[in-house]
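Asks: Before I ask anything, here is the structure I am working with.
The values are calculated or read from the model by the stated rules, or taken from the named source; none is laboratory data. Note that the coordinates shown come from a computational prediction; the quantities given were computed from them, not determined experimentally. Positions of Cβ are generated from backbone atoms using ideal geometry, with glycine treated the same way; all protein chains shown enter the neighbour counts. Areas reflect the complete protein model, heavy atoms only, side chains present, ligands, DNA and RNA absent. Shrake-Rupley method; radii C 1.70, N 1.55, O 1.52, S 1.80 Å.
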Amino acid sequence: MRRLAALTAASALVLTGCSLPRHYPEVTFHANGKTIRVEPAVYCDLGGDNCAEQTKPAQLRVPAGKVVQISVDGQLADGLWEAVFLYRDAAGQEQTTGTGLLGKGENFTYTLSLPNKTDQLLGIEIHEAAAAVLETGQPLLRGFWAVEVTG
């Protein structure tokens, strides 16, 4: 879980607020012959307030060199979202990278492939932007979906 916190810190989106919205969009992850559907770990209203939290990230086995297919709910795809992921490279260093902002009705899926076949994925977060924007110009984080990866 500590590793996934590093992912959130590296994101271009920022989370605020926290109570219970009614609909939770889901994100589907497929890797190594297994598919999981994940509800958000944190989800807020459109303004980035009134958030609901769940405590446990989902888990998915992804051996080194394997890709992960990510499919987002139509609600996410219509807005702005990003995938942020943590991995260990061949030198044993943990690296964080991401997709940049996707969506606007054009991106419902993303194939996550690490730079080298020996890299081991450690965690994935999907971030959804809220309607609000910070003074810095960064979108406010509305919600995120977390997956801990085992090799």
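Asks: Which count do you get for residues in the stretch 117-141 that are outside any strand (DSSP E or B) and touching a residue at least 40 places away in the same chain (Cβ under 8 Å)?
Replies: Number satisfying all stated conditions: 5.
Asks: Report yes if some residue within the stretch 63-80 is touching a residue at least 40 places away in the same chain (Cβ under 8 Å), over 21 Å from THR35 (Cβ atoms), open to solvent by 60 Å² or more (accessible area, probe 1.4 Å) and outside any strand (DSSP E or B); otherwise report no.
Replies: Checked against the condition, which is being touching a residue at least 40 places away in the same chain (Cβ under 8 Å), over 21 Å from THR35 (Cβ atoms), open to solvent by 60 Å² or more (accessible area, probe 1.4 Å) and outside any strand (DSSP E or B), the stretch 63-80 yields no hits at all.
Asks: While we're here: Are any residues in the stretch 27-40 more than 21 Å from ASP78 (Cβ to Cβ) and either part of a loop (DSSP other than H, G, I, E, B) or of a type in the set (D, E, K, R) (or both), and if so, which ones?
Replies: ASN32, GLY33, LYS34
Asks: While we're on this one: Identify all residues within the stretch 97-113 that are open to solvent by less than 50 Å² (accessible area, probe 1.4 Å) and touching a residue at least 40 places away in the same chain (Cβ under 8 Å); write none if there are none.
Replies: Selection gives GLY98, GLY100, LEU112.
Asks: Just to be sure I understand, how many residues within the stretch 46-62 are free of Cβ contacts under 8 Å to residues at least 60 places away in the same chain and open to solvent by 30 Å² or more (accessible area, probe 1.4 Å)?
Replies: 6
Asks: Here's a follow-up. Could you please find all residues in the stretch 96-109 being assigned to a strand (DSSP E or B) and either of a type in the set (Lys, Arg) or closer than 13 Å to ILE124 by Cβ (or both)?
Replies: THR96, THR97, GLY98 - these are the residues of the stretch 96-109 that are assigned to a strand (DSSP E or B) and either of a type in the set (Lys, Arg) or closer than 13 Å to ILE124 by Cβ (or both).
Asks: Has the stretch 86-96 got any residue that is open to solvent by less than 10 Å² (accessible area, probe 1.4 Å) and either among the acidic types (Asp, Glu) or over 21 Å from PRO25 (Cβ atoms) (or both)?
Replies: Yes, there is a match, as at least one residue in the stretch 86-96 is open to solvent by less than 10 Å² (accessible area, probe 1.4 Å) and either among the acidic types (Asp, Glu) or over 21 Å from PRO25 (Cβ atoms) (or both).
Asks: Further, regarding this structure: Given (1) in contact with a strand residue (DSSP E or B) (Cβ under 9 Å, 6 or more places away or on another chain); (2) within 21 Å of LEU60 (Cα to Cα), where does LEU141 come up short, assuming only one miss?
Replies: Of the numbered conditions (1) in contact with a strand residue (DSSP E or B) (Cβ under 9 Å, 6 or more places away or on another chain); (2) within 21 Å of LEU60 (Cα to Cα), the odd one out for LEU141 is (2).
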